[in-house]
1. In units of 2.2 N^0.38 Å, what is the alpha-carbon radius of gyration of region 125-264?
2. What size of dipole, in debye to the nearest 20, comes out for region 216-361 about its Cα centre when the only charges are +1 on Lys and Arg C-beta atoms and -1 on Asp and Glu C-beta atoms?
3. To make sure I understand, if each residue's beta carbon is the centre and we count other beta carbons within 10 Å, what order do T38, T271 fall in, fewest to most?
4. Step through the residues of region 145-152 one at a time and calculate ³J(HN,Hα) from phi using the Karplus curve (6.51 cos²θ - 1.76 cosθ + 1.60, θ = phi - 60°), rounding each to whole Hz and writing x for Gly and Pro.
5. Multiply the residue gap between E94 and E23 by 0.36 nm, knock off their C-alpha separation, and tell me the result in nm, one decimal place.
6. Quick query: amide H of L184 versus all other amide H atoms, modeled in the peptide plane; which residues come in under 5 Å with a sequence gap of 5 or more or a different chain?
7. Does anyone have the angle between helix 67-106 and the longest principal axis of the chain? Alpha-carbon axes, 0 to 90°, nearest 10?
8. In nm, to one decimal, how far is the W154 label point from the T40 one, both placed 7 Å along Cα→Cβ?
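The numbers here are math on the coordinates, done by the rules we state, and not lab data. Not measured: the values here are computed from a predicted model. All Cβ positions, glycine included, derive from the backbone under ideal geometry; neighbour counts span all protein chains shown.
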Amino acid sequence: MSGPNKSYDPVEVAPLKGEHVDEMVAAALAAFAAATTTSTLNEARIAHTGDRSPLALANREIGALPPQARKDAGQRIGKARGQVNKALAARRAEVEQAELEARLVAERVDVSLPDPGPMRGEVHPITGMIDLISDVFVGMGWEVAEGPELEAEWLNFDALNFPPGHPARELADTLVVEPVEANLVMRTHTSPVQVRSLLDRELPVYVVCPGKTYRADELDATHVPVFHQVEGLCVDKGITFADLRGTLDHFANAMFGDIRTRIRPNYFPFTEPSAEVDLECFVCHGDSVGDPHNPCRTCSSEGWIEWGGCGVVNPRVLAAAGIDTEVYSGFAFGMGIERTLMFRNNAADMRDMVEGDVRFSTSLHGLAR
Ligand code: DAH
């Protein structure tokens, strides 16, 4: 700030002249009127009322005037500042009100609109497959049987003719539940439900047994430690391998449409003879076999894909359930449900089946049912 200057003519101090002060006020009022948002109004406030605004600078000049001129100049500047501040407050109220109204319009909720309702989920594809498979067999007069997931070791292995040292009993494969002396395991397959069904029911028995099964596996694209199988069992008079083939073909056609199946000899302790059921490759239909220019990743150019196991029920299993093996015979089969879903609905990664993302379930909508 300049010091008092006796030779200073107050009328010549330009910023303090009446018309100049009026211009400053007019400029401030115009800037406030032009500001339509709180942020532009804030800029105008700093420009016209801040420390470096023309009016603040003019105010500083008052001290440089001779004492007799200060009062007049002080009143002029004070009045001008009062006018500007009042206009600023009024404009701020207007702008804030306008902004509030705009926000209320933008955020308005029309409570009269119909409720879109909760987002729809979907039956899990595995559950859908279980329902679908059950329907196929119920349609042929079979029953659906269930058994516990925590199973007696005797039913999971011994009654199914697994010898005591069989590798499948190893801890590396089987989840044994403590205390070990209780001889309880998480069932490694649905085959123990065969024995339970034979013990529980009158003959003849025609059952499918879908359910969860457990093995000590890591989770990856083709393995899940908790998976699902469906077991089929028929025990009646005069049952032959031909009945098994016909049933498997019907099951395969119901799952995959018009598709060929084949069986290959294999070994399972609870069936004799035993076989592996293969499906004709859906991708190459066998065309890739022996054609090095046309390899098929789905079937490794074999032309067939393994689906499950099957066979004629071993008379020892029937005998363990107290059945007269001279009169009755039967067949059994067991398939992985995840594997069936993969083939049927092109689900490439088994992890999708356990992660519970509803987008996976809805992407298979209509296919699994
Ligand atoms: N239990 C067998 C498994 O987990 C599958 C199986 C094979 C079931 C042959 C059967 C059968 O009923 O007859 O690998």
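1. Cα Rg divided by the expected 2.2 N^0.38 Å: 1.13.
2. 240 debye
3. T38, T271
4. Along region 145-152, the couplings run 10, 10, x, x, 7, 8, 10, 5 Hz.
5. Extra length available between E94 and E23 comes to 23.2 nm.
6. E153, V177
7. In the chain, helix 67-106 runs at an angle near 20 degrees to the longest axis.
8. Label-label distance for W154 and T40, simple model: 8.9 nm.
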